[in-house]
Amino acid sequence: MKNKSRSVLLTLLVIALVVALLAWGVSFLLNRSGDPTAKLEQPITPPLVEKGAYLARVGDCVACHTAPGGKPFAGGLGIGSPIGTIYSTNITPDAKRGIGNWSYGDFERAMRRGINHNGDALYPAMPYPSYAKISNEDLQALYAYFMKGVAPVEQPNKANDIPWPLSIRWPLAYWRTLFSPLPDDQAKPLVAVEGATAQEQRGAYLVQGLGHCGSCHTPRALTLQETGLDESAKGYLTGAELNGWAVPSLRGMPHWTQQQIVDYLGTGRNSTASVAGEMKDVVANSTSHMSDADLTAMAVYLKSLEGKERQLTQAKPDRDQATTAKLTAAKDLTLGERLYVDNCNACHFVNGEGAPHVFPRLNGASVVNADHPGALINVILAGAQTPSTERAPSVLPMPGFAERLSDSEVAELATFLRGGWSNEAGAVTADQVKSVRQTLHRH
Ligand code: HEC
Ligand code: HEC
Ligand code: HEC
């Protein structure tokens, strides 16, 4: 008996050793090294730190690396994933708890290669597949900012909430090898489109790289990688779904002018739309801080994208008039139409056009016509608020109707909106409203 248990123990030990060796060997093979001893090639000067601060805005580092009510960049925000909650880390220059002891090479490896300080693979919750496109010049400025421009915070990192064995990190190295291309030869400019102008290239660089717009606007495969990291991929920026919220396509954007895109990104509103959902934070933390030149470059790039354009509702003047006339006459209204006249008309008007830069249009709006009605239901129940930005400080609120309208009333109203004027999208059921309402209670 004794002998037997000893041999079992021995076998287990041998197996453990072999597995560990294999894991080590494989991770060694898959480790796309970079140079952890690399030093910053230039002195850290105030202009370099300032440039890095701007780029940190473009990359929206603060959004993920700051917990609600927490100190900037001190980490601790829980990010849901299919295997559990991943907590963002402290990236302040605190030597003990943050990245204060990191060399430039350590920083480069984390940002562009997804390799942590200790050699572990990072979860792609950190958008390193996009950040792989950051130029050396910009990465150096970012490093300078995180070393000298950010206040150190001595806050320990939270352990991830992922059960063993899913918490083992080395399999992530396979994911990384398959789905995150190595940083380009950074001396080469990133070519956006064949024959792209310098402005389009700048836009492509910002959208694909630091801006990581594809992390929400590109659909993901079953293995969770984005189905493309640049416009050569069919799926790139064709729109997706985020926690039940429709994320519109950015390809070509035929329904908006270049200026409308610039206004939306710079102020959270334009002559037809207002921002809501997670894009609101992107505008508040990131794009509203970008220069006019950079916003224009991004808009020019998005407009240049051909391929699968969003299935847009075409303007249909006859139907616009029919809906408007019926709402104006207020006779024989359906329940959905009556609820609109009673609750929404004061701001969005009978023609569904709203008022430029104040109340968004509902006729033709992305959020109304999205395949998935989750975002529309969410706005009706919870209301929304246009963010205050430097360029447009006023906050424009829309009240929520969760208390006033039942699930079936919201369903009738949303169904009217999705079929009124030129809109052409499917009906909404009370069950769909119910499930969105439940997520509101949870928050
Ligand atoms: C979409 C969310 C998100 C954004 C945006 C983001 N990060 Fe991260 N980052 C994370 C998460 C989550 C981790 C931890 C990953 C892990 O534990 O494997 C991380 C890890 C890191 C690490 C490794 C640090 C450590 O202590 O392990 C660095 C460095 C880093 N991020 C820097 C940045 C910088 C700089 C930016 C902005 C340019 C940025 N991140 C933007 C989510 C994000
Ligand atoms: C965290 C996820 C996320 C990121 C990152 C993100 N977006 Fe968005 N974006 C959204 C969501 C959600 C919407 C829908 C907003 C709504 O329903 O009001 C949206 C809407 C938009 C719209 C409006 C499109 C329309 O037809 O109404 C534009 C333009 C846009 N985003 C551009 C960008 C750009 C450019 C970037 C990168 C700099 C970016 N987004 C990054 C989530 C994101
Ligand atoms: C007091 C004025 C007001 C009333 C009443 C009102 N809204 Fe709004 N609505 C707004 C404002 C302001 C916004 C922009 C908020 C934002 O930035 O998301 C908005 C946004 C929206 C959006 C999102 C548009 C987009 O492009 O993202 C939808 C959909 C919407 N309202 C539908 C309705 C419906 C349906 C009703 C009636 C149940 C209604 N609203 C009542 C003022 C109002």
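The values are calculated or read from the model by the stated rules, or taken from the named source; none is laboratory data. Since the structure is predicted, the reported quantities are computational estimates derived from the model, not experimental observations. Cβ sites come from the backbone with ideal geometry, for glycine too, and all protein chains shown count toward neighbours.
Below is a table of values for the structure above.
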read-out: Residue list for segment 235-256, filter: within 16 Å of ASN369 (Cα to Cα) and either in contact with a strand residue (DSSP E or B) (Cβ under 6 Å, 6 or more places away or on another chain) or at pLDDT below 90 (or both); value: GLY239, ALA240, GLY244, VAL247, PRO254, HIS255
read-out: Per-region count, segment 97-140, residues within 23 Å of the chain's Cα centre (by Cα) and not acidic (Asp, Glu); value: 25
read-out: Residues located in segment 278-296, provided they are assigned to a loop (DSSP other than H, G, I, E, B) and either without any contact (Cβ under 8 Å) to a residue 12 or more places away in the chain or more than 10 Å from ligand 2 (Cβ to nearest atom) (or both); value: SER291
read-out: Within segment 266-287, tally of residues that are more than 10 Å from ligand 3 (Cβ to nearest atom) and under 15 Å from the mean Cα position of the chain (by Cα); value: 7
read-out: Matching entry among SER394, SER422 (being touching a Gly at 6+ places or on another chain (Cβ under 8 Å) and not in a helix (DSSP H, G or I)); value: SER422
read-out: Complete set of residues in segment 179-211 that are under 13 Å from MET298 (Cα atoms), at pLDDT below 85 and out of contact with any helix residue (DSSP H, G or I) (no Cβ under 8 Å at 6 or more places or on another chain); value: none
read-out: Total residues in segment 92-111, condition crowded, with 20+ Cβ neighbours inside 10 Å and small (Gly, Ala, Ser); value: 2
read-out: ALA384 vs. criteria assigned by TED's automatic domain parsing to the domain that holds SER408 and within 13 Å of ligand 2 (Cβ to nearest atom); value: yes
read-out: Identity of the residue in segment 333-350, surrounded by fewer than 18 Cβ atoms within 10 Å (Cβ to Cβ) and closer than 17 Å to SER271 by Cα, that ends up farthest from ligand 2 (Cβ to nearest atom); value: PHE349
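For every residue, the table says whether it meets (1) more than 7 Å from ligand 2 (Cβ to nearest atom); (2) among the hydrophobic types (A, V, I, L, M, F, W, C); (3) without any contact (Cβ under 8 Å) to a residue 60 or more places away in the chain.
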position	(1), (2), (3)
LEU242	no, yes, yes
VAL247	no, yes, yes
PRO254	yes, no, yes
THR257	yes, no, yes
ILE261	no, yes, yes
LEU265	no, yes, yes
ASN270	yes, no, no
ALA273	no, yes, no
ALA276	no, yes, no
